[in-house]
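Right, one structure below, let's go through it.
Throughout, read-outs are computed from the coordinates displayed, never taken from laboratory work. Computed from a prediction, not measured in an experiment: that's the story for all the values here. Because the Cβ atoms are built from the backbone with ideal geometry, glycine has one as well, and the counts that use them run over all protein chains shown.
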Amino acid sequence: MNFSSKLLENAVNEVAQLPGIGKRTALRLVLHLLKQPKSHTGHLTTALNNLVEEVKLCSSCHNISDVELCEICASSKRNVEIVCVVEDIRDVMAIENTTQFQGLYHVLGGKISPMEGIGPHNLTIEDLIKKVAAGTIKELILALSSTMEGDTTNFYIYKQLQKYEVTVSTIARGISVGDELQYTDEVTLGRSIANRVPFEKSMKY
């Protein structure tokens with residue numbers, strides 16, 4: 001791809017590094033921004049800079065937040081005895097959209113994947129175990145995607161928690177094997193949360 005401007009080329013190369021965006025799409029987006037008023041592009045730049053500089057991870061659940069403790073963890077209306085374990089913020093958003101869950105969350109930050117060099121120590125599993133050990137959690141819902149990596153992570157967490165008095169359940173398999181949680185429709189996901197099953201039973205399927 002030949003560029004008439006080095007500045008244009010640099011901008012396209014940076015945008016093309018985003019997931020799912022190739023050079024042609026990046027070029028279309030950059031050219032679109034060039035056609036907009038400078039104030040519009042300025043607002044976008046400011047928003048991205050503020051995101052990078054000021055965004056935090058919730059000190060309790062590791063969800064993305066503007067403050068030390070996210071709105072979900074800070075809410076007095078949530079059931080602190082039930083914690084839903086998810087991979088990342090997109091899963092929190094997907095489950096919240098169902099309005100079927102009123103407990104708290106724990107964001108792992110990924111899934112165990114030896115092929116990608118991601119082990120338990122790369123995730124927030126140790127922090128999750130500490131929460132359970134504190135004794136306030138009565139039920140832990142494992143809501144990871146039904147992929148090999150998701151099932152591996154579920155089983156690892158389950159084994160680590162066997163010595164604690166906590167109910168470990170998993171979302172019902174209304175979600176197809178191999179599906180990512182974030183792409184599941186709200187009705188199916190809501191039913192999967194509501195009709196969750198003990199983790200031991202899920203291993204027999």
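Summary table
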| quantity | calculated |
| --- | --- |
| Lysines with Cα under 16 Å of residue 6, excluding same-chain neighbours fewer than 8 positions away | 23 |
| Nearest-0.05 FRET efficiency for residue 54 and residue 118, computed from C-beta distance (R0 35 Å) | 0.80 |
